[in-house]
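I have placed the structure first, in the form of structure tokens, so that the comments after it can refer back to it.
The values are calculated or read from the model by the stated rules, or taken from the named source; none is laboratory data. Owing to the predicted nature of the structure, the values given are computational and were not obtained by experimental measurement. Heads up, the Cβs are rebuilt from the backbone with ideal geometry, glycines too, and the neighbour counts pull from every protein chain shown.
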Amino acid sequence: MLATLLALVPSLVLAQGAVTKGDVRAGQLPTTPRQDIFGIVEGVFDTASKTVSIPIERSLALFGEPNAYIVGGELSGSFVLGGRHGSGELRFSDGIPMPVSWSALSVGIGLGADYGRVIMLVYGLDRYEDVFGTYGSLGGSAHFLAGANATILASTRARIVLISSGLGLRLSGDLSRIVIEPAGVQEQLRPPGRICATPADCPSPGR
């Protein structure tokens, strides 16, 4: 599965080394221990946790431990013009979880739709509020059933490795702008109950 993913998507930055250590700095805030990240992944992604752990391991090997991470759920899909919207919790190593939301508009060639959960590893934070703002991303990522999708996002103050796993197939080469901002309790989405590992485990999302 991983070999197929890398072969189909040569611009997947985590796999191809397009982003170097110098492009993602550590930041001045304390880092989040890797054991905390993998503990969250196991609890949130359930049966897909082993697949999601692959790009996380790659990110940690390249860039080290992040200053923070965001975990939550999102809906996304595209065909030439598409978007994604999600919500979750922003967590620091020394702080209380904060509700956040994100949205994006993508223009390019896209197929399929995603319904799943997301973890974002946040790097380069000197202040807590630096995580919020607009991030740009060159697309080129593949999402297979029970697979993982990884994308590098960049703002003027931070870098994010966005990793998702969910339902459906998505293959795109688009340019995205993603906005991350604080979310009120009333704005939060409930993440999907679980991520499937086989087609038999994948009921259609409820309306």
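Tabulated data
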read-out	value
Filtered residues of region 50-75 (kept if within 21 Å of G124 (Cα to Cα) and among the acidic types (D, E))	E57, E65
Test result for G136, closer than 22 Å to P55 by Cα, at pLDDT 80 or above and surrounded by fewer than 17 Cβ atoms within 10 Å (Cβ to Cβ)	yes
Any chance R58 is modelled with pLDDT under 95, touching a helix residue (DSSP H, G or I) at 6+ places or on another chain (Cβ under 7 Å), under 14 Å from S164 (Cα atoms) and not β-branched (V, I, T)	no
In region 29-41, residue nearest to A150 (Cα to Cα) [restricted to those that are surrounded by 13 or more Cβ atoms within 10 Å (Cβ to Cβ) and of a type outside the set (V, I, T)]	F38
